[in-house]
Amino acid sequence: MKKHDEELQGREHDESLEPELTILEPILFHLIQIASFANQTWVQNQGSGWLNELQTHDWENESGTIRFLHSWSKGNFSNKELLDLQLLFRVYFIGFTREIQEYASAFNLEYPFEIQVSVGCELYPGDTPQGFFHVAYQGSDFMNFRNTSWVPSPEGGSRAQNACNLINQYQGILETVQGLIRNTCPRFLLGLLDAGKMYLHRQVKPQAWLSSSPALTPDHQLLVCHVSGFYPKPIWVVWMRNEQEQPDTKQGDILPNADGTWYLWATLNVTTEKLAGLSCQVRHSSLGSKDIIIYWGQQHSSMNLILAVTMTLVLLIGLALWSKKRW
């Protein structure tokens, strides 16, 4: 395994050739509920709130309260509005559990089973937020809220149809759902984006290093370019040879770090005699016009230089101490 301490070289890139890093994706805020029913008497509910891939809220089952994971997670809602929502969620969890246990036999729900709920809204660029409410059973789509009523999913079959027929009888529930996804969620999403804009618009520079491992064939090496700690998510990482992008570069998924930043790796399978001239190039909005470029093999000469400088400093310090003692 070859690894070194992030040797970065900035090089101004041709902006006319720059790939598009800003991806116009919808901004999604949603609440996720996972209800696990082990038997007729034991159930566990897990609830959380998410802004895209960033968790912003958590639900405390024992106290029946919302936990705000960031200083801006309350958005611009007043304390009264947040307490009203908290009370609504508390009543919902109790009623949801009781109704599922009561109708489990009628709907042929076989223990143990799991129900997943996703409710929220998404904001497309230049558009108004759109609400949604999805329910899944055992990982398969079960029913969805459309317009003013619940609609069964094809995967849910007659069981989902019967559930929709039952819930659609309660006008109060339908009006509450409509109010949440059409009014409350869009207002909260816009307030959340405003309150958290300093955090959400921050720029964090990536750290980069190289490593290698034996490939499947003896005369090949798998080179790995690691890039970590960057924010926002869009990034461009590729292996290069003499200014030419290597089409065999394979990029892994962009994965989250615990601190809210992202991690990515890009690999290149290459024969040992073709290692010369290879480099990994990283482009990110936090870097401006300066890309990170790390040349394969450069770490060895750099480490030798660092070692030489360190040894020289040690010798000079030792000589100074020896001279001081002598005089």
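The values are calculated or read from the model by the stated rules, or taken from the named source; none is laboratory data. These numbers come from a predicted model, not from an experiment. No Cβ is skipped: glycine too gets one built from the backbone with ideal geometry, and neighbour counts run over all protein chains shown. We work out accessible area using only protein heavy atoms, side chains counted, and drop any ligands, DNA or RNA first. Shrake-Rupley method; radii C 1.70, N 1.55, O 1.52, S 1.80 Å.
Can you work out which of the residues in segment 100-155 that are of a type in the set (Ser, Thr, Tyr) and open to solvent by 80 Å² or more (accessible area, probe 1.4 Å) is farthest from the chain's Cα centre (by Cα)?
Top of the filtered list is Ser105.
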If Phe89 passes every condition in (1) open to solvent by 40 Å² or more (accessible area, probe 1.4 Å); (2) out of contact with any helix residue (DSSP H, G or I) (no Cβ under 6 Å at 6 or more places or on another chain); (3) not in a helix (DSSP H, G or I) but one, which one does it miss? (3)
So is Gln207 open to solvent by 50 Å² or more (accessible area, probe 1.4 Å) and over 28 Å from Pro26 (Cα atoms) or not? no
Is there any pair linking a residue in segment 123-138 that is touching a residue at least 60 places away in the same chain (Cβ under 8 Å) and farther than 12 Å from Ala160 by Cβ to one that is assigned to a loop (DSSP other than H, G, I, E, B) and open to solvent by 80 Å² or more (accessible area, probe 1.4 Å), with Cβ under 6 Å and at least six apart or on different chains, and which? Pro125/Leu24
Apart from one, (1) touching a Ser or Thr at 6+ places or on another chain (Cβ under 6 Å); (2) open to solvent by 80 Å² or more (accessible area, probe 1.4 Å) all hold for Gln221; the odd one out is (2)
Answer yes or no: is there a residue in segment 233-246 that is basic (Lys, Arg), within 26 Å of Gly277 (Cβ to Cβ), more than 16 Å from the chain's Cα centre (by Cα) and not in a loop (DSSP other than H, G, I, E, B). yes
Among the residues of segment 164-183, the number that are touching a strand residue (DSSP E or B) at 6+ places or on another chain (Cβ under 6 Å) and either exposed (fewer than 14 other Cβ atoms within 10 Å of the Cβ) or farther than 16 Å from Phe93 by Cα (or both) is 4
